[in-house]
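Undergrad: Encoded as structure tokens, here's the structure I'll be asking about.
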Amino acid sequence: MKRFLIASLFFIGLIIVWHVIVLAEVWSPVLLPGPEAVGSYLWSATKDGTLFEAACVTMKRLLIGYSIGCVLGLPLGMLTARSKTLNDTLGVLALGLQTLPSVCWVPLALLWFGQTENAMLFVVIMGTLWSVLIAVDNGVRNLPPIYTRAARTMGSHGFHMLRHVVLPASMPYVISGMKQGWAFAWRSLMAAEIYVTLLTGYGLGHLLHFGRELNAMDQVIGIMLVIVVIGLLADKVLFSPWERFLHRRWGLNG
């Protein structure tokens with residue numbers, strides 16, 4: 001309860017500071033609208049269904065692309081950790097591509113797939129895959145050697161060891177990698193939606209782009225707040241419970 005009150009006071013304080021800056025007219029209200037203007041936009045966009053529809057379109061794209069990226073990244077990360085050849089080839093490639101900003105994939109996606117949903121998915125997958133692969137690779141490499149030695153002594157090897165020893169023991173690192181991949185997937189999708197316009201559905205990135213084109217800063221800031229809230233909810237609902245459980249399970253709470 002104490003932590004909740006402290007966090008609430010902190011964010012209330014941020015809103016007050018924001019309101020004071022607007023009243024002081026440090027910037028024009030056109031460039032920095034007040035909390036009431038942003039709240040009014042969010043309320044109207046919620047009432048007419050624009051915000052909900054855009055959020056659903058974005059989440060659908062995000063979940064599909066993120067799931068594909070994880071399905072590919074998890075086994076590839078384990079393989080690169082277990083094979084020196086793959087680590088020297090695919091592992092190095094993954095490390096290099098992870099440093100590539102997500103927006104760099106957009107022109108390539110447009111040339112390959114055109115203005116289609118596949119272009120969106122490609123960008124999200126590329127933003128997710130390499131970060132998950134690297135995190136899993138690091139997790140498997142950091143396993144205490146006694147785990148695999150004990151498993152070999154008891155006759156475990158090959159896929160059996162991977163399935164029953166390596167994967168369970170590296171799960172804390174796997175979840176951290178999936179959490180990092182989720183963040184990269186968000187950034188990738190926002191870059192794709194800003195630059196790729198599809199008639200099949202406008203997402204949050206499109207609303208952000210339209211707000212910039214119309215100089216509607218209340219819309220821009222409002223959509224940014226929605227993106228932040230969705231990201232926080234995903235962390236609190238999806239990843240934090242898993243991390244706490246696994247840390248207790250493996251005694252990593254200190």
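Undergrad: Might you let me know whether segment 15-22 holds any residue that is part of a helix (DSSP H, G or I), free of Cβ contacts under 8 Å to residues at least 24 places away in the same chain and under 26 Å from the mean Cα position of the chain (by Cα)?
TA: Looking through segment 15-22, at least one residue is part of a helix (DSSP H, G or I), free of Cβ contacts under 8 Å to residues at least 24 places away in the same chain and under 26 Å from the mean Cα position of the chain (by Cα).
Undergrad: In the list THR50, THR99, THR85, THR89, which residue meets the criterion of being in contact (Cβ under 8 Å) with a residue 40 or more places away in the chain and among the β-branched types (Val, Ile, Thr)?
TA: None of the others qualify; the one that does is THR50.
Undergrad: If we scan segment 127-140, do we find a residue that is over 30 Å from ILE194 (Cβ atoms), among the polar types (S, T, N, Q) and surrounded by fewer than 14 Cβ atoms within 10 Å (Cβ to Cβ)?
TA: no
Undergrad: Say whether the condition of being touching a residue at least 60 places away in the same chain (Cβ under 8 Å), in contact with a Leu (Cβ under 8 Å, 6 or more places away or on another chain) and surrounded by fewer than 20 Cβ atoms within 10 Å (Cβ to Cβ) is met by at least one residue in segment 172-190.
TA: Yes, the conditions are met somewhere in segment 172-190.
Undergrad: Can I ask one more? How many residues are at pLDDT below 85 and either surrounded by fewer than 17 Cβ atoms within 10 Å (Cβ to Cβ) or at positive phi (or both) if we restrict to segment 196-230?
TA: Of the residues in segment 196-230, 4 are at pLDDT below 85 and either surrounded by fewer than 17 Cβ atoms within 10 Å (Cβ to Cβ) or at positive phi (or both).
Undergrad: With respect to PHE113, is the statement that it is farther than 20 Å from VAL166 by Cβ, surrounded by 13 or more Cβ atoms within 10 Å (Cβ to Cβ), without any contact (Cβ under 8 Å) to a residue 12 or more places away in the chain and over 16 Å from the mean Cα position of the chain (by Cα) true?
TA: Yes: the conditions hold for PHE113.
Undergrad: Here is a list of conditions, (1) surrounded by fewer than 18 Cβ atoms within 10 Å (Cβ to Cβ); (2) within 19 Å of ALA191 (Cα to Cα); (3) among the charged types (D, E, K, R), and LYS47 meets all of them except one; can you say which number that is?
TA: Failed condition: (2).
Undergrad: Find the residue count for segment 23-47, including only residues that are within 18 Å of LEU208 (Cβ to Cβ) and at pLDDT below 90.
TA: 3
Undergrad: Let me ask something else. Tell me the residue from ALA135, ALA183 that is at pLDDT 75 or above, out of contact with any helix residue (DSSP H, G or I) (no Cβ under 6 Å at 6 or more places or on another chain) and among the aliphatic types (A, V, I, L, M), please.
TA: Every option except ALA183 fails the conditions.
Undergrad: Given the residues ARG141, ARG149, which is the only one that is at pLDDT 80 or above, among the charged types (D, E, K, R) and farther than 13 Å from GLY73 by Cβ?
TA: It is ARG141.
Undergrad: Which of the residues belonging to segment 230-247 are of a type outside the set (Ser, Thr, Tyr), more than 25 Å from GLY205 (Cβ to Cβ) and free of Cβ contacts under 8 Å to residues at least 40 places away in the same chain?
TA: Those that are of a type outside the set (Ser, Thr, Tyr), more than 25 Å from GLY205 (Cβ to Cβ) and free of Cβ contacts under 8 Å to residues at least 40 places away in the same chain: PRO241, ARG244, PHE245.
Undergrad: How do the helices (runs of 4 or more DSSP H) wholly within segment 119-226 filter down when requiring 1 or more residues that are closer than 30 Å to HIS19 by Cα: which remain?
TA: 171-195, 204-213
So that you can scan it fast, the table gives a plain yes or no per residue for (1) crowded, with 18+ Cβ neighbours inside 10 Å; (2) aromatic (Phe, Trp, Tyr); (3) touching a Ser or Thr at 6+ places or on another chain (Cβ under 9 Å); (4) within 28 Å of MET126 (Cβ to Cβ):
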{"position": "ILE21", "(1), (2), (3), (4)": "no, no, no, no"}
{"position": "GLU25", "(1), (2), (3), (4)": "no, no, no, no"}
{"position": "SER28", "(1), (2), (3), (4)": "no, no, no, no"}
{"position": "LEU31", "(1), (2), (3), (4)": "no, no, no, no"}
{"position": "GLY65", "(1), (2), (3), (4)": "yes, no, yes, yes"}
{"position": "ILE68", "(1), (2), (3), (4)": "no, no, yes, yes"}
{"position": "VAL71", "(1), (2), (3), (4)": "no, no, no, yes"}
{"position": "PRO75", "(1), (2), (3), (4)": "no, no, no, yes"}
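The values are calculated or read from the model by the stated rules, or taken from the named source; none is laboratory data. Because the structure is predicted, anything quoted here is derived from the model rather than measured. Using ideal geometry, Cβ is built from the backbone for each residue, glycine included, and neighbour counts are taken over all protein chains shown.
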